[in-house]
Structure formats: C-alpha cells, structure tokens
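The structure appears below as structure tokens.
The values are calculated or read from the model by the stated rules, or taken from the named source; none is laboratory data. For clarity, every value in this text was computed on a predicted model and none was experimentally measured. Cβ sites come from the backbone with ideal geometry, for glycine too, and all protein chains shown count toward neighbours. Just so you know, the surface numbers come from the protein's heavy atoms only, side chains and all, with ligands and any DNA or RNA stripped out. Shrake-Rupley method; radii C 1.70, N 1.55, O 1.52, S 1.80 Å.
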Amino acid sequence: MTYCVGLRLKRGLMFMSDTRTNAGVDNVSSFKKMYTWERRGDRLITLLSAGNLATTQTVVSMLEERHKTAGEREPDIYEVPSMFQAAKLVGDTVRSVIREIAVGGGFKSESSFGATFILGGQIAGGESRMYLIYPEGNFIEATDDNPFFQIGEHKYGKPILVRAYDPDMSFEEAAKLLIVSFDSTLKSNLSVGLPLDIQTYDTGSLHRGAQKRLMASDPYYQAISDGWSEALREAFQRLPNYQGLSSTD
C-alpha cells in the first residue's frame, strides 16, 4: 500500500508521496513513487503512483522508453500538446500494461494488477492542471470543488485535508498540512512509511519547483508530528465532558 496526495492551489501544485512497498510483513522496501518529466520553458509533468509495483514501474518505464525511441509512432510524453493528452496517454498506457500482464501471466482477472495515478503539471500554451487516473484508464480533473486527489491508503489522512485545506495557502503552509495528513496515516497504517517525497510547481514557471525528501530524523517533521499529537490532546481536554451518563436515583 502507499499514500500520495496532489494539491491544487492558487499559486500552483504540490505533490507528496511516501516510499514504502511491502509484500508481507517481512518483505518491506522503499521505492520512489513520484516521477517528473521536465523540459524547461515547455513543460513540467509529475506523476504519483499507487498500486501494484510491477504495474506502476512498467507504466513509467514505457513512458520513458517511448521518449527514447522517438522515431516510432508511439505517443511521447515530451511531445503531447496538452495536459489532457498527457492524462490520456498515461491512462491508455495503464490500461494496456494491466491487460498485458494479466494475459501474459495466464490470469483471468486484471484487478490484482491495478494501479492508480495522480498526474499534474503544465504544458506551454495551456493551464496548470491535475488529474486522477484510474486502473481502467479513464480519469477526472481537479476543480475548485474537488481541489485535491489522494491515492492509496487515503482514509486516515483525509479528515485534516478536508478541514484545513485553503486554496490561498502558501507552499509552506500546504507542506505543513500534508505532513500532518501523512503523519496521521503513518501512525494508523504500517503499509505507509518514511521517507516522504515532496515537490512544488509554480503555475506559469514551466519548470520544477522545490523538492525535498523528508526522513524520520528530519527536525521539522519531528516537530510537526510531536506538535500535532500534543495539540490534539490539548484540544480534547478543552472539550466539555458528556453529561448524559450521570446516574439518577
């Protein structure tokens, strides 16, 4: 399992992902789940992945390989004219990879090889956009009414995003929000783990923004994790006790 989030802000886009993969409690590893294709001044495209590791790595490898073999007629993520076409390219690739793995392995069901992606960025001449891409290859776009996407183990970290998200947030505030969301997930599900990758994109810049890998020893991460736990305890203590259980004669 994994946990990835893409936020759509007025300033731009922010992405965050964990790095844990596991095939049982005794087989835990770390793999990058954030991939970026950049041509400064022309495009910045970032992809977050969750699901079957073989599927996600094959999808990314195929996108890379198509660029390296530009002489062929396959679509190229560095050449698609819009973010919509980039989302369509990823969706088509996901659907094709899952089908090929299932058929090649002699499996009747494709569900075991499912993978979900968040795609975001901007291509020159178009707007900054973000999409959620499903294993079936179809996708939806982030809007003002649905300004962030989560994939993987999302239920533990969603409440803080719903309650505290503000499109006017700075990247620094959004990073704090995401760290709290991820910390809540880390404490609730062992299949999500550090380190965490974070990346920003300023709308109109057409190049990668700040990026950082947060380790368990990072002082800021520790301060937010400890501070959020303490703040929750203090808030709980300030709430009035329930009076409906008093015994009566």
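May I ask you to order 217-225, 56-64 by the average number of other C-beta atoms within 10 Å around their residues, highest value first? Walk me through the numbers on the way to the answer.
On the way: 217-225: 14.0, 56-64: 18.9.
Highest-to-lowest ranking by the protection proxy: 56-64, 217-225.
What's the carbon and sulfur percent of segment 92-170's accessible surface, probe 1.4 angstrom, rounded to a whole number? Walk me through the numbers before you get to the answer.
On the way: 2020 of 4120 Å².
Carbon and sulfur: 49 percent of the exposed surface of segment 92-170.
Could you please state, rounded to a whole Å, how far the C-alpha centre of segment 137-167 is from the C-alpha centre of segment 43-100?
23
Would you compute the Debye intensity of the chain from its alpha-carbon atoms alone, equal scatterers and no solvent, and pass along log10 I(q)/I(0) at q = 0.08, 0.16 Å⁻¹ to two decimals?
The Debye formula, applied to the Cα set alone, gives -0.34, -1.19.
Would you calculate, for the chain, the mean residue ellipticity at 222 nm contributed by helices, counting each DSSP H stretch of 4 or more residues as -39,500 (n - 2.57) and dividing by all residues, to the nearest 500?
Working: 5 runs with 83 residues, N = 249.
It lands at -11000 deg cm²/dmol.
Which order do Trp37, Trp228 take when ranked by solvent-accessible area (1.4 Å probe, heavy atoms of all protein chains), largest first? Walk me through the intermediate numbers first.
Numbers: Trp37 0, Trp228 80 Å².
If we order Trp37, Trp228 from most to least accessible, we get Trp228, Trp37.
If you take the beta carbon distance between Arg99 and His67 as r and set R0 to 25 Å, what does 1/(1 + (r/R0)^6) give as a FRET efficiency, to the nearest 0.05?
Working: r = 22 Å, r/R0 = 0.89.
Step by step, r from the Cβ atoms, then E = 0.65.
Evaluate the Kirkwood expression for the hydrodynamic radius of segment 125-249, namely the inverse of the mean inverse distance over all pairs of different C-alpha atoms, and round to one decimal in Å. Present the calculation step by step, with values, prior to reporting the outcome.
Numbers: mean 1/r = 0.0574 Å⁻¹.
Answer for segment 125-249: a Kirkwood hydrodynamic radius of 17.4 Å.
Tell me whether segment 81-180 comes out rounded, prolate or oblate; compute the Cα gyration tensor, take square roots of the eigenvalues as a ≥ b ≥ c, and use a/c under 1.5 as the rounded threshold. Could you put the intermediate results ahead of the total?
Values: a/c = 3.24, a/b = 1.55, b/c = 2.09.
It is oblate, given that a/c is not under 1.5 and a/b is not larger than b/c.
Fully extended, how many nm does the chain gain between Asp92 and Ser170 (0.36 nm per residue separation, minus their Cα-Cα distance)? Don't skip to the end; give the middle numbers.
On the way: separation 78, 0.36 × 78 = 28.08 nm, distance 3.42 nm.
Stretched fully, the Asp92-Ser170 segment lengthens by 24.7 nm.
In degrees, nearest 10, range 0 to 90: what is the angle between the Cα axis of helix 83-104 and the longest Cα principal axis of the chain?
Compared with the principal axis, the helix lies near 80 degrees.
Quantify, in whole percent, the carbon and sulfur part of the accessible surface of segment 174-249 (1.4 Å probe; protein heavy atoms only). List each step's numbers first, then the result.
Working: 2680 of 4730 Å².
Ligands and nucleic acids excluded, carbon and sulfur reach 57 percent.
In Å², and per residue, what accessible area does segment 107-172 have when probed at 1.4 Å with the other protein chains present? Could you put the intermediate results ahead of the total?
Details: 3490 Å² over 66 residues.
Per-residue value: 53 Å².
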